[in-house]
Amino acid sequence: MMTLTGPFTQLLPLTDIPVRGKLVDEQLSIIPNAGILTDHGKILATGNFNDLREETSGKGVEIHEIVGDAICIPGFIDCHTHLLFAGSRAIDYAARNAGRTYQEIGAAGGGIKDTMGKTRAASTEELAQTLTDRLDLHLRSGITTVEVKSGYGLSVDQELRMLRVIKKTGDAHTADVISTCLAAHVIPSEVGDEQEWLRTILKDIVPVVEAEQLASRFDIFVEGGAFTPEYSRPYLKQLKSQGFGITIHGDQFTVGGSQLAIDVGALSVDHLEVSGEKEIMALADSKVIPVALPGASIGLGCAFTPARKLLDAGASLAIASDWNPGSAPMGDLLTQAAILGTFEKLTTAEVLAGLTFRAAAALGLSDRGSLAVGQKADFITFHATDYREILYKQGQLKPNRVWKNGLPVT
Ligand code: NIG
Ligand code: FE
């Protein structure tokens, strides 16, 4: 069934904008009094609402009329989250603000391992319910595609349990869930040896992931106290040769992860808070999508990813929430992106691109992120008269409607 939705005060289809490099707002095409024609969950056309209504009259098109002002843009894509976890780390947060560092807390057996203990202790039903609740909140916030990582199981059985919960819960949810195996988050205490754990993942987790199609992507935390570039490299190369997409937590506290991402042909490298000129130039020269995680900078009280410098150098830039109980507990992607925009001096076009088609590129997805013909009909509206109101309200203006696959879902 074909559906025509509109009129929208302004429609920003975000088409024909490059995946890499800096952007100015003049590159955004803005269609006033716009409509979106969809069929079977895909975009058939965008254009003037009245023209589309005339062209399609008598063809059995269902009209969904929008009343009042509405700015329409593609649904947001959160390309980096750790949404599946149990418990809180409010105590870590308070301790960090009182002077302890994230790494000190982790080295003392807290941090990620604290969440591991709470996640292992939670029932599968409880985990599925908390994931559903967080996906619901994300969808209401306009996020129609959500990447979710494992990484708090940290044993063969517990990592597989997390991945099965992500798959089952994701398949049942309205939002699209992209699952990533982050068994290489930190080295489990029971194993203690980095190489041994990476070998175990390849031997005991990967075949099950393949057989049950639990994830098509693998992630690793390349950092002191987690995994070294030296041992991460053969691990990632092996996964890549088996056809998995690669993404890396890199350059968060020390550099090394971004170069490894380039060397192994990763889709993205995420964090990059400490990337310097050398790392920025190398990323700009590569196909790897840099992903800024402003929620982690706000959560840890540290520098933002050098987003301006990356874009000026010619790199791409996606923006994701990193929602997790430790470094990024807030979870509100739009607020975080708006704040990153003010501190890093990003144009509206750069922020919106980072939340949509550039985030899709970080996930290796080419079927979403803009409202071009043939793309998934995932779009959202804000009650406003000008698209610049969205970031101006710094996250306080929430989408008032969300459409997934052409259908209104909120
Ligand atoms: O992206 N840096 C490593 N992993 C997560 C944090 C996980 C946690 O602290 O629970 C991150 O910041
Ligand atoms: Fe993360």
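The values are calculated or read from the model by the stated rules, or taken from the named source; none is laboratory data. Owing to the predicted nature of the structure, the values given are computational and were not obtained by experimental measurement. Using ideal geometry, Cβ is built from the backbone for each residue, glycine included, and neighbour counts are taken over all protein chains shown.
Among residues of the stretch 105-136 being surrounded by 14 or more Cβ atoms within 10 Å (Cβ to Cβ) and of a type in the set (Asp, Glu), the one that is farthest from Ser150 (Cα to Cα) is Asp136. Taking Arg140 as the residue in question, decide whether it is basic (Lys, Arg), within 30 Å of Thr174 (Cβ to Cβ) and within 16 Å of ligand 2 (Cβ to nearest atom). When the stated conditions are applied, Arg140 does not pass them.
Out of the residues in the stretch 270-320 that are among the polar types (S, T, N, Q) and more than 16 Å from ligand 1 (Cβ to nearest atom), which is surrounded by the fewest Cβ atoms within 10 Å (Cβ to Cβ)? Explain how you work it out, then say what you get.
Taking the stretch 270-320 first, the residues among the polar types (S, T, N, Q) are 275, 286, 297, 305, 316.
Now drop any that are not more than 16 Å from ligand 1 (Cβ to nearest atom), which leaves 286, 316.
On the way: Ser286: 19, Ser316: 26.
Looking at the filtered set, the residue picked out is Ser286.
On the given criteria, is Phe218 modelled with pLDDT of 95 or more, touching a strand residue (DSSP E or B) at 6+ places or on another chain (Cβ under 8 Å), of a type in the set (Phe, Trp, Tyr) and closer than 27 Å to Arg368 by Cβ? For Phe218, the condition - modelled with pLDDT of 95 or more, touching a strand residue (DSSP E or B) at 6+ places or on another chain (Cβ under 8 Å), of a type in the set (Phe, Trp, Tyr) and closer than 27 Å to Arg368 by Cβ - is met.
Can you find a residue in the stretch 201-217 that is among the hydroxyl-bearing types (Ser, Thr, Tyr), touching a helix residue (DSSP H, G or I) at 6+ places or on another chain (Cβ under 7 Å) and either on the phi < 0 side of the Ramachandran plot or free of Cβ contacts under 8 Å to residues at least 40 places away in the same chain (or both)? So far as the stretch 201-217 goes, no, none of its residues is among the hydroxyl-bearing types (Ser, Thr, Tyr), touching a helix residue (DSSP H, G or I) at 6+ places or on another chain (Cβ under 7 Å) and either on the phi < 0 side of the Ramachandran plot or free of Cβ contacts under 8 Å to residues at least 40 places away in the same chain (or both).
Among the residues of the stretch 59-100, write down those that are within 12 Å of ligand 1 (Cβ to nearest atom) and part of a loop (DSSP other than H, G, I, E, B). Steps first, please.
Narrowing the stretch 59-100 to residues within 12 Å of ligand 1 (Cβ to nearest atom): 80-89, 92-93, 96.
Residues satisfying the conditions are His80, Thr81, His82, Leu83, Leu84, Phe85, Ala86, Gly87, Ser88, Arg89.
Screening Glu389 against (1) of a type in the set (Asp, Glu); (2) crowded, with 21+ Cβ neighbours inside 10 Å; (3) more than 16 Å from ligand 1 (Cβ to nearest atom) leaves a single unmet condition, (2).
Report yes if some residue within the stretch 19-34 is at pLDDT 95 or above, of a type in the set (S, T, N, Q), in a helix (DSSP H, G or I) and out of contact with any Lys or Arg (no Cβ under 7 Å at 6 or more places or on another chain); otherwise report no.
Narrowing the stretch 19-34 to residues at pLDDT 95 or above: 19-34.
Applying the additional criterion that residues be of a type in the set (S, T, N, Q) yields 27, 29, 33.
Checking which are in a helix (DSSP H, G or I) leaves us with 27.
Next, only the ones that are out of contact with any Lys or Arg (no Cβ under 7 Å at 6 or more places or on another chain) stay: 27.
Yes.
Considering only the stretch 247-261, I want to know if a residue exists there that is touching a residue at least 60 places away in the same chain (Cβ under 8 Å) and surrounded by fewer than 21 Cβ atoms within 10 Å (Cβ to Cβ). Yes, because at least one residue in the stretch 247-261 is touching a residue at least 60 places away in the same chain (Cβ under 8 Å) and surrounded by fewer than 21 Cβ atoms within 10 Å (Cβ to Cβ).
Give the number of residues within the stretch 65-87 that are buried (at least 23 other Cβ atoms within 10 Å of the Cβ), closer than 19 Å to Asp136 by Cα and among the aliphatic types (A, V, I, L, M).
Here is the first cut: in the stretch 65-87, the ones buried (at least 23 other Cβ atoms within 10 Å of the Cβ) are 70-85.
Checking which are closer than 19 Å to Asp136 by Cα leaves us with 74-85.
From the residues that got through so far, the ones that are among the aliphatic types (A, V, I, L, M) too are 77, 83-84.
Here the count works out to 3.
Residues in the stretch 30-39: is at least one assigned by TED's automatic domain parsing to the domain that holds Ser268, farther than 30 Å from Thr247 by Cβ and surrounded by fewer than 16 Cβ atoms within 10 Å (Cβ to Cβ)? Break it down stepwise before answering.
Pass one, the stretch 30-39, residues assigned by TED's automatic domain parsing to the domain that holds Ser268: none.
No, because not a single residue in the stretch 30-39 is assigned by TED's automatic domain parsing to the domain that holds Ser268, farther than 30 Å from Thr247 by Cβ and surrounded by fewer than 16 Cβ atoms within 10 Å (Cβ to Cβ).
Looking across the stretch 173-193, just one residue is within 30 Å of Leu139 (Cβ to Cβ), free of Cβ contacts under 8 Å to residues at least 40 places away in the same chain and over 17 Å from the mean Cα position of the chain (by Cα), and that is Ala183.
When residues of the stretch 178-229 are filtered for being among the aromatic types (Phe, Trp, Tyr) and more than 16 Å from ligand 2 (Cβ to nearest atom), how many remain? Give the steps one after another, and end with the answer.
Step one: of the stretch 178-229, the residues among the aromatic types (Phe, Trp, Tyr) are 197, 218, 221, 227.
Next cut, more than 16 Å from ligand 2 (Cβ to nearest atom) only: 197.
Of the residues in the stretch 178-229, 1 are among the aromatic types (Phe, Trp, Tyr) and more than 16 Å from ligand 2 (Cβ to nearest atom).
The stretch 186-250 holds helices (runs of 4 or more DSSP H) entirely within its bounds, and those carrying 2 or more residues that are away from ligand 1 (no atom under 15 Å from the Cβ) and more than 24 Å from Val165 (Cα to Cα) map to 194-200, 229-241.
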